[in-house]
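The structure appears right after this line, and notes come after that.
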Amino acid sequence: MLSQRAFKALGFKPGTGHLDTTTLSAHGKYNSAEENVEGLHITQGYSKDNRPDLPQATLQLICEHLGGIPVHMEALNGNSNDSESFRQAIETYGRQLHAEDGVQSIIADSKLYSKETLQVLEENRMGWSSRVPGTLKEAKGLLRGTGLDRGKLVGCDV
């Protein structure tokens with residue numbers, strides 16, 4: 001794996017990986033309407049650009065946190081769900097990331113925070129850091145009265 005060779009050449013083992021996805025818009029004719037297509041499926045999905053009419057694919061990436069060296073990259077279907085894809089990536093590659101690459105913890109957005117994903121992280125002996133979703137009853141209760149429950153603080157994404 002290229003990242004392992006880069007870490008070896010640098011004499012460095014990453015301790016933390018940053019996990020995120022981005023969508024890529026596609027133009028032209030694709031396999032969107034076909035039912036049993038293997039591989040990447042270009043679909044209309046949740047568009048972060050508020051353009052649900054655009055066909056898209058999703059790219060998932062885990063980078064070493066400080067240097068930004070990629071340790072895992074995967075192309076996903078355009079309608080993939082971050083909560084599910086984060087959990088699947090850790091289930092599939094967590095042991096390898098931990099044992100071979102040295103990644104001991106994952107940083108990700110609030111889509112990482114689910115009971116199932118946290119259990120998979122624990123099974124893979126990986127720490128984590130994430131923002132707790134403001135939609136949880138417990139989080140709403142803690143935020144009530146602080147002004148954060150209505151997003152009044154600049155930069156707040158609740």
Segment 59-89: number of residues that are farther than 19 Å from GLY39 by Cα, charged (D, E, K, R) and not in a strand (DSSP E or B)
1
Of the residues in segment 79-113, how many are farther than 21 Å from PRO14 by Cα and at pLDDT below 90?
3
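Test of understanding: among GLU116, GLU35, GLU64, which residue is modelled with pLDDT under 80, of a type in the set (D, E, K, R) and farther than 15 Å from THR23 by Cβ? Quick ask: steps written out before the conclusion?
Values: GLU116 fails: modelled with pLDDT under 80; GLU64 fails: modelled with pLDDT under 80.
The unique qualifying residue is GLU35.
Yes or no: LYS111 without any contact (Cβ under 8 Å) to a residue 60 or more places away in the chain, in contact with an Asp or Glu (Cβ under 7 Å, 6 or more places away or on another chain) and closer than 25 Å to ILE42 by Cβ?
Working: without any contact (Cβ under 8 Å) to a residue 60 or more places away in the chain: yes; in contact with an Asp or Glu (Cβ under 7 Å, 6 or more places away or on another chain): yes; closer than 25 Å to ILE42 by Cβ: yes.
Criteria met by LYS111.
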Sort out which residues of segment 109-143 are buried (at least 16 other Cβ atoms within 10 Å of the Cβ) and among the small types (Gly, Ala, Ser), and write them in order of number.
SER110, SER114, SER130, GLY134, ALA139
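Among the residues of segment 95-115, write down those that are more than 8 Å from TRP128 (Cβ to Cβ) and of a type outside the set (S, T, N, Q). Lay out the reasoning, then the answer.
So in segment 95-115, the residues more than 8 Å from TRP128 (Cβ to Cβ) come out as 95-104, 109-111, 113-115.
Those that are more than 8 Å from TRP128 (Cβ to Cβ) and of a type outside the set (S, T, N, Q): ARG95, LEU97, HIS98, ALA99, GLU100, ASP101, GLY102, VAL103, ASP109, LYS111, TYR113, LYS115.
The values are calculated or read from the model by the stated rules, or taken from the named source; none is laboratory data. Just so it is clear, the model here is predicted, and its values are computed rather than measured. Cβ coordinates were reconstructed from backbone atoms using ideal geometry, including for glycine residues, and neighbour counts include every protein chain displayed.
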